[in-house]
Amino acid sequence: MTLWVSIFGWAASICMVLGYMPQAIVTMRTRDTDGIALPTFTMMGLGSIFFVIQGILIDNWPLAVTNIITGVCSVIITAIKIYNDYFRHK
């Protein structure tokens with residue numbers, strides 16, 4: 001991988017994580033998931049898992065690292081959403 005490809009990969013990784021984390025942190029702190037669609041976060045979590053696998057297989061660490069972080073956040077938010085929708089609101 002050339003230096004420029006690596007620089008752009010890591011820059012994209014940083015932007016994606018910094019763009020995703022503030023909303024994920026707010027959701028984790030407030031536990032407010034009323035505006036979140038469960039299928040969306042489920043698919044985002046699955047997509048992140050597939051991108052992690054792809055990143056590892058093609059030796060693209062920016063892709064893998066970004067999607068490990070966003071995947072973990074998606075799983076946590078999905079779990080909070082399921083709890084809120086199916087256990088807390090009953």
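The values are calculated or read from the model by the stated rules, or taken from the named source; none is laboratory data. Treat the numbers as computed from the prediction; the structure is a model and nothing was measured. Reconstructed Cβ throughout: ideal geometry from the backbone, glycine too, with neighbour counts over all protein chains shown. Ligands, DNA and RNA are stripped out before the accessible areas are found, and what is left, the full protein with its side chains, is counted by its heavy atoms. Shrake-Rupley method; radii C 1.70, N 1.55, O 1.52, S 1.80 Å.
List of remarks:
- Scanning region 46-69 turns up no residue that is in a helix (DSSP H, G or I) and either closer than 16 Å to Tyr83 by Cβ or at pLDDT below 90 (or both).
- For Ala64, the conditions (1) closer than 30 Å to Thr2 by Cα; (2) of a type in the set (A, V, I, L, M, F, W, C); (3) open to solvent by 40 Å² or more (accessible area, probe 1.4 Å) all hold with the exception of (3).
- Qualifying position, being touching a Gly at 6+ places or on another chain (Cβ under 9 Å), part of a helix (DSSP H, G or I) and modelled with pLDDT of 90 or more, among Thr27, Thr78: Thr78
- Subset of region 2-28 [in contact (Cβ under 8 Å) with a residue 40 or more places away in the chain and open to solvent by 80 Å² or more (accessible area, probe 1.4 Å)]: Trp10, Met16
- Filtered residue count, region 29-59, keeping only those that are surrounded by 14 or more Cβ atoms within 10 Å (Cβ to Cβ) and in contact (Cβ under 8 Å) with a residue 40 or more places away in the chain: 4
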